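Asker: Input: one structure, supplied below.
No value in this document is a laboratory result; all are computed from the given coordinates. On a predicted model such as this, the values are computed, not experimentally measured, just so you know. All Cβ positions, even for glycine, are placed from backbone atoms using ideal geometry, and neighbour counts span all protein chains on display.
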Amino acid sequence: MGSACKYIEFDVFSKESAMKGKEYMELRKINTQDAFAQWEYTTTLPSDENGLTNPNHGVSYDEYLENVLPTLISYEHPVNMPEWFVPETYYYLWDEGHLVGEFRIRHYLTEALRTGAGHIGYSILKGFRGKGYGTEGLRLTVQIAKSIIPEDEIYLRVNKDNIASQKVMIKNGARLAGEDNQHMFMRIPK
Ligand SMILES: CC(C)(COP(=O)(O)OP(=O)(O)OC[C@H]1O[C@@H](n2cnc3c(N)ncnc32)[C@H](O)[C@@H]1OP(=O)(O)O)[C@@H](O)C(=O)NCCC(=O)NCCS
């Protein structure tokens with residue numbers, strides 16, 4: 001006999017919002033209950049925007065349910081992945097029933113990540129940009145990352161021409177730690 005009481009766990013980390021006019025915002029870990037909204041986000045997100053890559057652009061809902069979603073969920077505890085693969089957890093930013101952004105946390109640095117993409121990658125849905133979601137979403141993500149990563153600082157990389165993302169980082173306490181021709185390397189202390 002199964003239990004009469006079903007409990008759905010969403011891994012909600014915060015219902016607080018620092019944004020004016022936003023009464024209810026949360027970061028939810030990727031899950032099967034939110035499959036449709038997560039698919040809509042994933043299939044719409046460009047394949048490469050400012051260095052944030054998405055191999056699942058244009059994926060069908062069936063393919064997402066069958067392969068993509070289980071794969072993305074498995075990244076938190078990878079099995080049969082190459083040695084270089086670092087555990088990565090996907091979170092989605094929700095505001096009053098709307099999925100508005102995606103935030104990915106890589107759990108520790110390898111040499112490639114240290115000199116490359118760092119710990120966190122993020123994006124906000126096109127129609128919702130410029131409203132403070134990126135800043136608030138990174139704030140919530142940094143709170144979680146601080147409890148996951150072993151390093152003393154959170155490493156981030158941003159293209160030199162991506163002013164919006166630079167502002168998002170700086171408003172979350174990031175400092176410039178280095179640069180190359182195309183990128184700025186930013187760090188947020190833990
Ligand atoms: C970068 C990104 C996440 C920013 O999200 P967002 O929700 O628009 O960010 P916010 O609304 O919190 O804006 C942060 C700041 O950037 C500014 N900004 C937003 N869009 C901008 C633009 N196109 N050009 C210049 N500044 C911009 C905002 O005005 C704000 O600055 P302010 O506080 O001084 O007014 C979003 O543009 C995005 O998803 N871009 C594509 C993917 C990407 O670049 N990811 C980051 C890779 S490092």
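Asker: Using every Cα-Cα pair within the range 96-190, state what percent have a distance larger than 16 Å.
Answerer: Working: 2334 of 4465 pairs.
Across the range 96-190, Cα pairs with separations above 16 Å total 52 percent.
Asker: Moving on. Starting from the Cα of N31, step 7 Å toward the Cβ, then list every residue of the range 120-143 with an amide N under 13 Å from that point.
Answerer: Inside the label zone: nothing.
Asker: Now a separate question. Could you work out the equivalent-ellipsoid semi-axes for the range 8-151, taking the square root of 5 times each eigenvalue of the Cα gyration tensor, largest first, in whole Å?
Answerer: Numbers: eigenvalues 100, 73, 46 Å².
Three semi-axes, in Å: 22, 19, 15.
Asker: Could you tell me the relative contact order of the range 8-151? Use alpha-carbon pairs under 8 Å, at least six residues apart, and round to a whole percent.
Answerer: Contact order relative to length: 21 percent.
Asker: If you average the C-alpha positions of the range 26-62 and of the range 71-109 separately, how far apart do those two centres end up, in angstrom?
Answerer: Between the Cα centre of the range 26-62 and that of the range 71-109, the gap is 11 Å.
Asker: Follow-up. Apply the Karplus parameterisation 6.51 cos²θ - 1.76 cosθ + 1.60, with θ equal to phi minus 60°, to every residue of the range 48-65 and state each ³J(HN,Hα) to the nearest whole Hz, in sequence, with x for glycine and proline.
Answerer: 3J(HN,Hα) across the range 48-65, in whole Hz: 7, 10, 6, x, 7, 9, 9, x, 9, 4, x, 5, 6, 5, 4, 5, 4, 5.
Asker: If you don't mind, another one. With θ taken as phi - 60° and the coefficients 6.51, -1.76 and 1.60, list the Karplus ³J(HN,Hα) couplings across the range 93-99 in order, rounded to whole Hz; mark glycine and proline as x.
Answerer: 8, 10, 10, 6, x, 9, 7
Asker: Could I ask something else about it? How much net charge surrounds A112 when only the other residues with a Cβ under 13 Å from the Cβ of A112 are counted, with Lys and Arg +1 and Asp and Glu -1?
Answerer: After counting each charged neighbour, the total is +1.
Asker: Hey, another quick one. Rounded to the nearest 20 debye, what is the charge dipole size of the range 40-138 about its Cα centre when +1 sits on each Lys and Arg Cβ and -1 on each Asp and Glu Cβ? Don't skip to the answer; put the middle values down first.
Answerer: Working: 6 positive and 14 negative charges, 76 e Å.
Once rounded to the nearest 20, the dipole reads 360 debye.
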